[in-house]
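Worksheet: the structure to be examined is printed underneath.
The values are calculated or read from the model by the stated rules, or taken from the named source; none is laboratory data. Values in this document were obtained by computation on a predicted structure and should not be read as measured data. All Cβ positions, even for glycine, are placed from backbone atoms using ideal geometry, and neighbour counts span all protein chains on display. Only protein heavy atoms, including side chains, enter the accessible area calculation; ligands, DNA and RNA are left aside. Shrake-Rupley method; radii C 1.70, N 1.55, O 1.52, S 1.80 Å.
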Number of protein chains: 2
Amino acid sequence: MEFDRMTSAGYLVNHMARLFAEGLRKRIAPLGIVPGQFPALLALWNKDGLTQKELLALLDIEQATLANTLTRMERDGLITRKEHPADARARTIHLTEKVRAIRDSAYKVAMEVNEDALSDFSDKERAVFLDFMRRTITTLQDDGQGSK
Amino acid sequence: MEFDRMTSAGYLVNHMARLFAEGLRKRIAPLGIVPGQFPALLALWNKDGLTQKELLALLDIEQATLANTLTRMERDGLITRKEHPADARARTIHLTEKVRAIRDSAYKVAMEVNEDALSDFSDKERAVFLDFMRRTITTLQDDGQGSK
DNA sequence: TCGCATTGCATAGCATGCTATATATTATTA
DNA sequence: TAATAATATATAGCATGCTATGCAATGCGA
């Protein structure tokens, strides 16, 4: 009995994810950002001044992961954090001018990476592919639920 | 202009990869192995006694990544390394009895994870999905080549 | 055979992600 | 209102992946 990587969804997904991330990393490096910051930036470009908790609710990562990512973003001059007016535990997160300025370039580059990856797919195929991925995500999330 | 995560291949692939990895991690934990060790184990179950260079040629990771993974595998009692008979720089890699014994269980569990993830897909859909992923990987690898 | 290039592997340093746990503040309740 | 529970964020520790670089051993050309 042989286990063939090329017919293992898990293997292929892992490999694809690394290639996407590396492709994005190379293209956004000139902008001064890295792939892990992208989801948070998307949310903050859309709505600035969120708390970590509010931002977390928009992302599919764990709280500790976000906290660390925000620390690096602050270190890199992408965000600043201000004390929350009503809750001393919380802080509001604000994009710096520097990162507000690269929004359009970053969008463009991210879309280019997606476009390149799917360059030999028809529109129909792309739609099916994205749908398959969303279905798989839903299934895996439900799996992992655990009644509790 | 809105960037929608649900229509971004890169975003979906990243999320899927994390869900697959977490699913696998939970299921193989009782066997004493972790997801990152799986590709190396598959290769070594198939052919024991490879050098790091030979093993590397079978995997889609960087040399440094493999070196670190092998160090953890040795620490965890999954492999031993012996001096190469003809080249003092190289070492041959050998599975321990402990890990030879879990081969069938590990195969089974990995296939279950794939099965579960695709449980609501037809055979036809699965074939298409795997094909899409292989095509995407090929495209991204070619992209990243750089003439040099 | 000496000297330099190449090779095989290891290490350093970093990003991204996770679980578990700590800390400080706020909210609730006896 | 004092004690307790809940909440918001941070930290510790680890795995996995990458690039860059170090080091020892091997191989090859002058």
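Within this structure, residue B:119 passes the test of being among the polar types (S, T, N, Q), closer than 20 Å to residue A:136 by Cβ and more than 16 Å from DNA strand D (Cβ to nearest atom). Within the stretch B:29-66, the set of residues being within 13 Å of DNA strand C (Cβ to nearest atom) and polar (S, T, N, Q) comprises B:51, B:52, B:63, B:65. Filter the stretch B:1-35 down to the residues that are more than 9 Å from chain A (Cβ to nearest Cβ) and among the aliphatic types (A, V, I, L, M) and list them by number. Answer for the stretch B:1-35, where residues must be more than 9 Å from chain A (Cβ to nearest Cβ) and among the aliphatic types (A, V, I, L, M): B:28, B:29, B:31, B:33, B:34. Here the helices (runs of 4 or more DSSP H) wholly within the stretch B:36-142 that include at least 1 residues being within 14 Å of another protein chain (Cβ to nearest Cβ) are B:38-46, B:52-58, B:63-75, B:103-117.
Among the residues making up the stretch A:6-20, those that are closer than 21 Å to residue A:59 by Cα and either open to solvent by 30 Å² or more (accessible area, probe 1.4 Å) or outside any helix (DSSP H, G or I) (or both) are A:14, A:18.
Quick check: anything in the stretch B:80-87 within 15 Å of residue A:5 (Cα to Cα) and either modelled with pLDDT under 95 or open to solvent by 20 Å² or more (accessible area, probe 1.4 Å) (or both)? For the stretch B:80-87, residues within 15 Å of residue A:5 (Cα to Cα) and either modelled with pLDDT under 95 or open to solvent by 20 Å² or more (accessible area, probe 1.4 Å) (or both): absent. So how many residues does the stretch B:21-68 have that are buried (at least 16 other Cβ atoms within 10 Å of the Cβ) and touching a strand residue (DSSP E or B) at 6+ places or on another chain (Cβ under 8 Å)? Of the residues in that region, 7 qualify.
Reported count of residues in the stretch A:88-110, each being under 21 Å from residue B:3 (Cα atoms), free of Cβ contacts under 8 Å to residues at least 40 places away in the same chain and loosely packed, with under 15 Cβ neighbours inside 10 Å, is 5. For residue A:144, the conditions (1) open to solvent by 70 Å² or more (accessible area, probe 1.4 Å); (2) free of Cβ contacts under 8 Å to residues at least 40 places away in the same chain; (3) not hydrophobic (A, V, I, L, M, F, W, C) are fulfilled apart from (1).
Residues are listed down the side, and each one gets a yes or a no for (1) modelled with pLDDT under 95; (2) within 12 Å of DNA strand D (Cβ to nearest atom); (3) within 13 Å of residue A:95 (Cβ to Cβ); (4) hydrophobic (A, V, I, L, M, F, W, C):
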residue: A:37; (1), (2), (3), (4): no, no, yes, no
residue: A:44; (1), (2), (3), (4): no, no, yes, yes
residue: A:53; (1), (2), (3), (4): no, yes, no, no
residue: A:63; (1), (2), (3), (4): no, yes, no, no
